[in-house]
1. Tell me, what does the Kirkwood hydrodynamic radius of the stretch 87-171 come to in angstroms if you use every pair of distinct C-alpha atoms?
2. Can you give the % of DSSP beta bridges in the chain that are antiparallel, to the nearest 5?
3. Which of the peptides 275-285, 160-170, 17-27 is most tightly packed, and how do the rest follow, judged by the mean count of other Cβ atoms within 10 Å per residue?
4. Could you work out how far helix 272-289 tilts from the main Cα principal axis of the chain, as a 0 to 90 degree angle to the nearest 10?
5. What's the whole-number percent of alpha carbon pairs in the stretch 148-268 lying beyond 24 angstrom?
6. Starting from the eigenvalues of the Cα gyration tensor, five times each then square-rooted, give me the equivalent ellipsoid semi-axes of the chain, largest first, whole Å.
7. How tilted is helix 291-301 with respect to the longest principal axis of the chain? Cα atoms for both, answer in degrees (0 to 90, nearest 10).
8. Report the calculated FRET efficiency for residue 139 and residue 295 (r = Cβ-Cβ distance, R0 = 51 Å), to the nearest 0.05.
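What follows draws every value from the coordinates through simple rules; no lab data is involved. Small disclaimer: the values here were computed from a predicted structure and weren't measured. Every residue, glycine among them, receives a Cβ derived from its backbone with ideal geometry; neighbour counts consider all protein chains shown.
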Ligand SMILES: [Zn+2]
């Protein structure tokens, strides 16, 4: 009989509805999406408390957004030997000065808006990079763990989800956000709706037994859950087409997006500036991918 290797998953920054998950085996552990810069020191302290003398083997990044990765320098300072894995596209983003400046700016804004103290002058931005590029289908063997890479483009070009030991999934943000079926589905397809539909299908086909979603935590990926996500995603596209057709200016469209999506997603933790950037991206994406549906909706409006 094959001995089942059980892993334990900790939602490290749950109190800020963050993105950081620690997957712990019997002898070692791996970390996913260290999270917000202002929370980096807290994340390191919590991980150390859980691990004791166990080693931290690696860090995996689901994509290159500041709220998922900006705490990486603190992790590197605590575990100087550690290697960070990310999609190849994400590896390139970390090499771009402008992108890094934006991450720093957004990290500062997030700290201010959520009233967290952050010593940004001490921030070691040069430690924010990935060492190992990942490709779809890669299976990374690390001690007790096999981490399978599932490309999930849609939120960003660099989004990937991870399936650990064919059992536990840490999903990217592409498929959208939902945990408790109460707040409603929150969309996150910034660069492509069509690829997001495909990514959601691939996530489902990976057949995880447990699914951990950024900003939400553990969900049970049963039939009800997948139906909910698929319906939520499709309904969002229809809603955005309605907004595009009924609001003549971008400003009005964004205000309407805030009304429909931001208020239920925000929990005070999502800076308005970041939401508005995302809203603009989703409006643009739907307009570009569904020109015919949009002109039909506009002609009905008249
Ligand atoms: Zn993101």
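1. Working: mean 1/r = 0.0669 Å⁻¹.
Final number for the Kirkwood radius of the stretch 87-171 is 14.9 Å.
2. Numbers: 24 of 37 bridges.
In the chain, DSSP labels about 65 percent of beta bridges as antiparallel.
3. Values: 275-285: 18.3, 160-170: 22.5, 17-27: 20.9.
Ranking the peptides 275-285, 160-170, 17-27 by packing returns 160-170, 17-27, 275-285.
4. Roughly 60 degrees, rounded to the nearest 10.
5. Numbers: 1867 of 7260 pairs.
Cα-Cα pairs of the stretch 148-268 separated by over 24 Å account for 26 percent.
6. Working: eigenvalues 212, 103, 55 Å².
Each semi-axis is the square root of five times an eigenvalue, giving 33, 23, 17 Å.
7. Rounded to the nearest ten degrees, it is 50.
8. Numbers: r = 45 Å, r/R0 = 0.88.
Taking R0 as 51 Å, the efficiency between residue 139 and residue 295 is 0.70.
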